[in-house]
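So the structure is just underneath, and the comments pick up after that.
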Amino acid sequence: MNWTGVIPACTTPFLEDLTIDHAFLARHVSWLVDNGCQGVVMLGSLGEGATLTFEEKEAVLRTTVATLKDRVPVVAGVSALSTAEAVKIAQMAEKAGCSGLMVLPPYVYSTDWREMKAHVAAILRATPLSCMLYNNPVAYKTDYLPHQVCELLAEFPNLHAIKESSADVRRIAALRSLAGNRLKLLVGVDDVIMEAAMAGATGWIAGLVNAFPAESVALFEASARGDREAAFQLYKWFLPLLRMDTVPKFVQLIKLVQQAVGMGNPRVRPPRLELTGAELAEAQATIAEALNHRP
């Protein structure tokens, strides 16, 4: 695991009966890598991991690993209601051939540092795989503070990265100051990528990349090398779409963008439902505007 560059948080494609479309999954991840992505993250919240059975999760990972072989690393999202289930997923991901794990706090239950640390620690101990902690206090109500992250770093040599989704760019500087080169810093919120990359983020766990991989790679690389003018021109065009990654219906919206570029369909699993009415019309208008001015 390198934990650098643009690494898509991949959507999970569904057939009409809402079973997983493994043929399209293979085509999609190959296309993302062909366009410069440095790895893929499967089974995250954008991948609707909470709606997949254990067996479906394993099948998604095996399809992805078999498709990409050694081209780029495959990362498995590890999220569950219980610590025992999370450990089981982590160990399954290792057997399926994954190179890394994205470690989430437990769904639903959020409490103090002692309990949240114990949950993460159990996953980190479960395999020797390289791990990335996922910090998303907005979605999961658990905020891993910089000094707590450093506490984990001191205890677990296989913790190498963090997906920082607090949307607070100040966290990048704080983590760099405390952890130095020991920790790779990846952004997990699409509409803060330029600012975070210029502040020193090493990678981007991206959402809209599922539809625009080449543009996402170009934006990250321009931002990371400090080319403000090139980065801003892309960012200005991309922002209305990138903001779709920051709202509750981000899965539906990103899949709608995929459909618009001919690389997916809008099917989602309940409790999510496809967009309709004014909500759908507004999203389609935003997408059409972006496509009409695509750089």
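No value in this document is a laboratory result; all are computed from the given coordinates. Bear in mind the structure is a predicted one, so any value in this text is a computation, not a measurement. Here the Cβ is made from the backbone with ideal geometry for all residues, glycine too, and neighbour counts use every protein chain on show.
Of note:
- 12 Å beta-carbon shell around Tyr235, net charge (K/R +1, D/E -1): -3
- In order along the stretch 58-73, the phi-based Karplus estimate (6.51 cos²θ - 1.76 cosθ + 1.60, θ = phi - 60°) of 3J(HN,Hα) comes to 4, 5, 4, 5, 5, 4, 5, 5, 5, 6, 8, 6, 9, 5, 8, x Hz; Gly and Pro are listed as x.
- The convex hull defined by the C-alpha atoms of the chain has an orientation-averaged projected area of 14.0 nm².
- Computed over the chain with a Gaussian network model linking Cα atoms closer than 10 Å, the most mobile of Gly49, Gly180, Gly207 is Gly180.
- Candidates Gly277, Gly36, Gly77: whichever shows maximal mean-square fluctuation once the chain is modelled as a Gaussian network with Cα springs under 10 Å: Gly277
- The tail of the calculated P(r) for the stretch 157-295, taken as Cα-Cα distances beyond 27 Å, holds 26 percent of the pairs.
- Once the Kirkwood radius over Cα pairs is known for the stretch 1-120, the Stokes-Einstein relation at 25 °C and 0.890 mPa s delivers a diffusion coefficient of 167 µm²/s.
- Electrostatic bookkeeping for Ala161 treats Lys and Arg as +1 and Asp and Glu as -1; over the other residues with beta carbon under 14 Å from its beta carbon, the sum is +4.
- Multiplying the residue separation of Glu151 and Ala278 by 0.36 nm and subtracting their alpha-carbon distance yields 41.0 nm.
- Footprinting exposure proxy for Tyr134, Tyr144 (fewest neighbouring C-beta atoms within 10 Å first): Tyr144, Tyr134
- Residues of type aspartates and glutamates that Lys95 reaches as a straight line, Cα spacing below 15 Å, ignoring anything fewer than 8 places off in the same chain: Glu55, Glu56, Glu58
- Taking every DSSP beta bridge that has both ends in the chain, the antiparallel portion is near 5%.
- The alpha carbon centroids of the stretch 37-69 and the stretch 155-213 are separated by 21 Å.
- Charged neighbours of Pro271, selected by a Cβ distance under 13 Å, balance to +1 (K, R count +1; D, E count -1).
- GNM top mover of Ala197, Ala173, Ala76 - the chain, alpha-carbon springs below 10 Å: Ala173
- A straight Cα-to-Cα reach below 26 Å connects Lys141 with the lysines Lys57, Lys88, Lys117, Lys163, Lys184, Lys249, Lys255, residues fewer than 8 places away in its own chain not being considered.
- Once the C-beta distance of Arg125 and Ala288 is scaled by a Förster radius of 35 Å, the resulting FRET efficiency is 0.10 to the nearest 0.05.
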